[in-house]
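**Q** Here you go, one structure.
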Amino acid sequence: MLQLLFSYWWIAVLAAGVVAFCAVRFCAERTLDSLAEDILRGTQSDFAAGDVEVHSVTAAGTKIIDGETATLYDIDATIAPFGEDTDWCGSDLFLRGVDEYGDIDPLRVGEIRKLQRWDGESFVPAQHNATLEGTQRLKLSVQVAGSPGPTRFNYNFACFGPAFDLPAVEGDVLVTA
């Protein structure tokens, strides 16, 4: 029996190596997942507790994209993250539809197409990926897939602010630009 153990020692070493590899991989995976969640939670925390004041929502028409109809809206809103010193980017904003219970409606999503920032007197064009600081009043041109209805703002997948209604487009106003 001892002879058999000494003859096949490499099997024990191989088995120990496989177990060690699996243990290291498991620990590394858990650590990286936890780190990613902490980073995401940190970037969302100022917005999850933030607020939005929607001044106006105007339907600007419809557009056909890949055979589907998208509705275009102009939204004038003041976006206020929880902290006044929070740096954020307008390109990370999007709209997500909600149902009558406030749960996410995955069939209604809005993408920010154009961003204008209020400078105290009028709206001026802003870079889509410009860094903004603290509370900002913005005019957003949004392209929404799905039917009109209750919607909320999202920042990096953190819902914030109250739900507001997207109005239906009156008539078939097709936008070419």
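**Q** Out of curiosity, is Val109 within 16 Å of the chain's Cα centre (by Cα) and open to solvent by less than 10 Å² (accessible area, probe 1.4 Å)?
**A** It is false that Val109 is within 16 Å of the chain's Cα centre (by Cα) and open to solvent by less than 10 Å² (accessible area, probe 1.4 Å).
**Q** Could you grab me the full set of residues in segment 129-177 that are among the polar types (S, T, N, Q) and either modelled with pLDDT under 80 or part of a loop (DSSP other than H, G, I, E, B) (or both)?
**A** Residues satisfying the conditions are Asn129, Thr135, Ser147, Asn156, Thr176.
**Q** Looking only at segment 160-169, which residues are farther than 15 Å from Val57 by Cα and surrounded by fewer than 17 Cβ atoms within 10 Å (Cβ to Cβ)?
**A** None - no residue of segment 160-169 is farther than 15 Å from Val57 by Cα and surrounded by fewer than 17 Cβ atoms within 10 Å (Cβ to Cβ), so the list stays empty.
**Q** Right, here's the next one. Quickly run through segment 112-147 and pick out the residues that are under 17 Å from the mean Cα position of the chain (by Cα) and of a type in the set (Lys, Arg).
**A** If the condition is that a residue be under 17 Å from the mean Cα position of the chain (by Cα) and of a type in the set (Lys, Arg), then Arg113, Lys114 are the ones that fit.
**Q** Which of the residues spanning segment 101-123 are at pLDDT below 80 and not acidic (Asp, Glu)?
**A** Within segment 101-123, Tyr101, Gly102, Ile104, Pro106, Leu107, Arg108 meet the criteria.
**Q** Please find, among Arg152, Arg137, the residue that is out of contact with any Pro (no Cβ under 7 Å at 6 or more places or on another chain), crowded, with 16+ Cβ neighbours inside 10 Å, closer than 17 Å to Thr86 by Cβ and not aliphatic (A, V, I, L, M).
**A** Details: Arg152 fails: closer than 17 Å to Thr86 by Cβ.
Selected residue: Arg137, the only one of Arg152, Arg137 that is out of contact with any Pro (no Cβ under 7 Å at 6 or more places or on another chain), crowded, with 16+ Cβ neighbours inside 10 Å, closer than 17 Å to Thr86 by Cβ and not aliphatic (A, V, I, L, M).
**Q** Every residue in segment 66-100 that is hydroxyl-bearing (Ser, Thr, Tyr) and modelled with pLDDT of 85 or more, please.
**A** Thr71, Tyr73, Thr78
**Q** Hey, among the residues in segment 73-106 that are without any contact (Cβ under 8 Å) to a residue 40 or more places away in the chain and of a type in the set (Phe, Trp, Tyr), which one's surrounded by the most Cβ atoms within 10 Å (Cβ to Cβ)?
**A** Ranking the qualifying residues of segment 73-106, first place goes to Phe82.
The values are calculated or read from the model by the stated rules, or taken from the named source; none is laboratory data. If you're wondering where the values come from, they're calculated on a predicted model, not measured in any experiment. Cβ coordinates were reconstructed from backbone atoms using ideal geometry, including for glycine residues, and neighbour counts include every protein chain displayed. Note: areas computed on protein heavy atoms with side chains; ligands, DNA, RNA excluded. Shrake-Rupley method; radii C 1.70, N 1.55, O 1.52, S 1.80 Å.
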